[in-house]
Amino acid sequence: MIKAVISGTGLYTPPATIDNDELVEAFNAYVDKYNALHAEAIANGTLEALQPSSSAFIEKASGIKRRHVIDREGILDPDRMRPRIPERSDDEPSVQCEMAVVACREALAQAGRTVADVDAVIAACSNFQRPYPAMSIEIQQALGIDGFAYDMNVACSSATFGLQAAINAVENGTARAVLVVSPEICSGHLNFCDRDSHFIFGDACTAILVERADAVAEGAGFDVLGTRLLTRFSNNIRNNFGFLNRADESGVGKPDKLFIQQGRKVFKEVSPLVAETIQTHLESLGLQATDLKRMWLHQANLNMNQLIARRILGRDATEEEAPVILDEYANTSSAGSIIAFHLHRQGLATGDLGVICSFGAGYSIGSVVIRKR
Ligand code: CO8
């Protein structure tokens, strides 16, 4: 029976960063302008004044200190409040394709592979620049890979759901090796004018190479022991942007065409579900939480991750056991748990167990239990 191995990972980090103070300064300048512009309506009670944001709140509520973004200037311009990413001609590589190629090449190099060893590319992320041609096929072509490619979207769980698809393809012999790539440009669909969420997201791209175990040297990579996916419908994280928007002009430009959420409800509903999913997944594999050396959790909220880790372990997790990249990257949607895995897997010995777990909109949860080879 063919078994799958994660043999390499890659990461593209946009060079530009915005720290909380910079983001808050721009937001508060926007708020001042908005309130001045609508002073009369605010004074006569027909419009509510916007409230200022604060760096202290952001760090305490989320653990985020800064984020990497494709474009800083547009986001920090109080007259714009959105990234400026110029459209490109159809003959130029897409932004997501460029990010993906860097991350995929790193994953291949880490595994000691070339594109000739790969049969498939799955682009898995929250938002694609266009519906078609599939972003994955452009990435496949830019890398020079034969075989096939497709796009998939399960919001924050895209990468783990993509991983399961890649593992299935390798284990059933459809592909020798598969790249799962997650080019997340979250700043493109974040409402920087919304105080409740303007600080949440950042941009990044991850790539994972999944291969047949018999093709990977002993001691290299991670055996996949099992995957478990779970979805439960919820409107608490939602984005109504879509191709039908043009069929009703009244909705164009409304806040629901960007990311919106009931953050507190998400926190309360998703945290126990994640802990239970990881626990039952481990049990189904004959394992216990105490067997886990590391948890590479989705990076949405530090308090949420600490709570989940505590529920699983029955005690507080150390930073080594549940690494955090949220402070530096913010929430990069599906890329988050993979960035944590990419940056924080040193110090594990052969046989050590870990879990990569994503969770987010849908709701969706993806758990991947792995063992250091
Ligand atoms: N500055 C100062 N004060 C603020 C701010 C701010 N920026 N924002 C809110 N406040 C105030 C509120 O008004 C409120 O005041 P009051 O108590 O007087 O009413 C108080 O602070 C507390 O507000 P909240 O209850 O909203 O604060 P929380 O402690 O709940 O923290 C969080 C808010 C950080 C959003 C938190 O609830 C959270 O992180 N929840 C989990 C969310 C989560 O995991 N979401 C997953 C979404 S990601 C995903 O699934 C991918 C989607 C696809 C990608 C989309 C890319 C764009």
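The values are calculated or read from the model by the stated rules, or taken from the named source; none is laboratory data. In this text the structure is predicted, and so the values were computed from the model without any measurement. Cβ sites come from the backbone with ideal geometry, for glycine too, and all protein chains shown count toward neighbours.
Values for this structure:
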quantity: Residue check, D151 charged (D, E, K, R) and over 20 Å from the mean Cα position of the chain (by Cα); calculated: no
quantity: Residue within the stretch 333-356 that is assigned to a loop (DSSP other than H, G, I, E, B), surrounded by fewer than 24 Cβ atoms within 10 Å (Cβ to Cβ), within 16 Å of the ligand (Cβ to nearest atom) and hydroxyl-bearing (S, T, Y) present; calculated: no
quantity: Selection within the stretch 178-208 - away from the ligand (no atom under 12 Å from the Cβ) and over 17 Å from the mean Cα position of the chain (by Cα); calculated: V178
quantity: Residue list for the stretch 309-326, filter: part of a helix (DSSP H, G or I) and without any contact (Cβ under 8 Å) to a residue 24 or more places away in the chain; calculated: A309, R310
quantity: Enumeration of residues in the stretch 31-67 that are over 19 Å from M304 (Cα atoms), surrounded by 15 or more Cβ atoms within 10 Å (Cβ to Cβ), more than 14 Å from the ligand (Cβ to nearest atom) and not aliphatic (A, V, I, L, M); calculated: Y34, N35, H38
quantity: Residue that is nearest to A335 (Cα to Cα), among those in the stretch 34-63 that are assigned to a loop (DSSP other than H, G, I, E, B) and in contact with a Phe, Trp or Tyr (Cβ under 6 Å, 6 or more places away or on another chain); calculated: S53
quantity: Which listed residue, of Y329, Y363, is within 12 Å of the ligand (Cβ to nearest atom), among the aromatic types (F, W, Y) and in contact (Cβ under 8 Å) with a residue 60 or more places away in the chain; calculated: Y363
quantity: Residues being more than 30 Å from Q129 (Cα to Cα) and in contact with an Asp or Glu (Cβ under 8 Å, 6 or more places away or on another chain) - total across the stretch 243-293; calculated: 3
quantity: Of all residues making up the stretch 253-291, the number that are within 15 Å of the ligand (Cβ to nearest atom) and over 28 Å from N127 (Cα atoms); calculated: 0
quantity: Flag for L23 being at pLDDT 95 or above and either in a helix (DSSP H, G or I) or in contact with a Ser or Thr (Cβ under 6 Å, 6 or more places away or on another chain) (or both); calculated: yes
quantity: Subset of the stretch 126-168 that is of a type in the set (F, W, Y) and over 17 Å from G336 (Cβ atoms) - its residue that is surrounded by the most Cβ atoms within 10 Å (Cβ to Cβ); calculated: F128
quantity: Residue count, the stretch 169-196 (criterion: buried (at least 24 other Cβ atoms within 10 Å of the Cβ) and among the basic types (K, R)); calculated: 0
quantity: Residue that is farthest from I339 (Cα to Cα) [pool: residues in the stretch 297-323 that are surrounded by 22 or more Cβ atoms within 10 Å (Cβ to Cβ) and more than 16 Å from the ligand (Cβ to nearest atom)]; calculated: I312
quantity: Selection status of V102, surrounded by 14 or more Cβ atoms within 10 Å (Cβ to Cβ), under 28 Å from M135 (Cα atoms) and more than 16 Å from the ligand (Cβ to nearest atom); calculated: yes
quantity: Selected residue (only one of I18, I85 is surrounded by 14 or more Cβ atoms within 10 Å (Cβ to Cβ) and either outside any loop (DSSP other than H, G, I, E, B) or at pLDDT below 95 (or both)); calculated: I18
quantity: Qualifying positions in the stretch 127-181 - without any contact (Cβ under 8 Å) to a residue 24 or more places away in the chain and closer than 14 Å to C104 by Cα; calculated: I137, Q140, Q141
quantity: In the stretch 76-102, the residues that are over 25 Å from A124 (Cβ atoms) and out of contact with any Gly (no Cβ under 6 Å at 6 or more places or on another chain); calculated: L76, D77, P78, D79, M81, P86, S89, D91
